[in-house]
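Reviewing the structure listed below.
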Amino acid sequence: MVKNLFISAILQEENTGSTEFQVFSFTNKIRRLTSHLELHRKDYLSQRGLRKILGKRQRLLAYLSKKNRVRYKELISQLNIREPQTC
C-alpha cells in the first residue's frame with residue numbers, strides 16, 4: 001500500500017525531470033527489457049540498450065546518494081532496486 005502511494009506520488013509530480021521520476025522511469029524500462037530478453041536471448045541491440053539504461057540509472061542513483069541520502073534510501077527501498085547491505 002505504501003509502495004503504491006509512493007509510486008503514484010512520483011507519477012503525479014509535475015517535475016518529470018526530478019531524479020526520483022527519472023530513476024522510476026528507467027526502472028520500468030529495465031523491467032520491461034529484462035522480460036523481453038528472457039524470451040529473445042539473442043537480441044543484442046536490446047541488450048545494449050539495457051546496459052545503457054542501467055548505467056544511466058546507476059549514475060543518477062550515485063548523484064542522489066551524494067546529494068540527499070534520505071531520499072536515496074527511501075527511493076531504493078520503495079522501488080526494491082538494491083539489496084540491503086548486511087554488514
Virtual spin-label span in nm between E74 and K29, 7 Å along Cα→Cβ: 2.5 nm
Surface accessible to a 1.4 Å probe, per residue, for the residues of the range 4-79, Å²: 71 Å²
Pair R48, N15: separation of 7 Å Cα→Cβ label points (nm): 3.5 nm
Where labels lie 7 Å past Cα in the beta-carbon direction, separation of Y63 and H36 in nm: 2.4 nm
Surface share of carbon and sulfur [accessible, 1.4 angstrom probe, percent] for the range 14-87: 50 percent
Volume per residue of the C-alpha convex hull in the range 4-79, rounded to whole Å³: 92 Å³
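The values are calculated or read from the model by the stated rules, or taken from the named source; none is laboratory data. In this text the structure is predicted, and so the values were computed from the model without any measurement. FYI the Cβ positions are ideal-geometry reconstructions off the backbone, even for glycines, and counts take in every protein chain you see. What goes into the accessible areas is simple: the full protein's heavy atoms, side chains included, and nothing from ligands, DNA or RNA. Shrake-Rupley method; radii C 1.70, N 1.55, O 1.52, S 1.80 Å.
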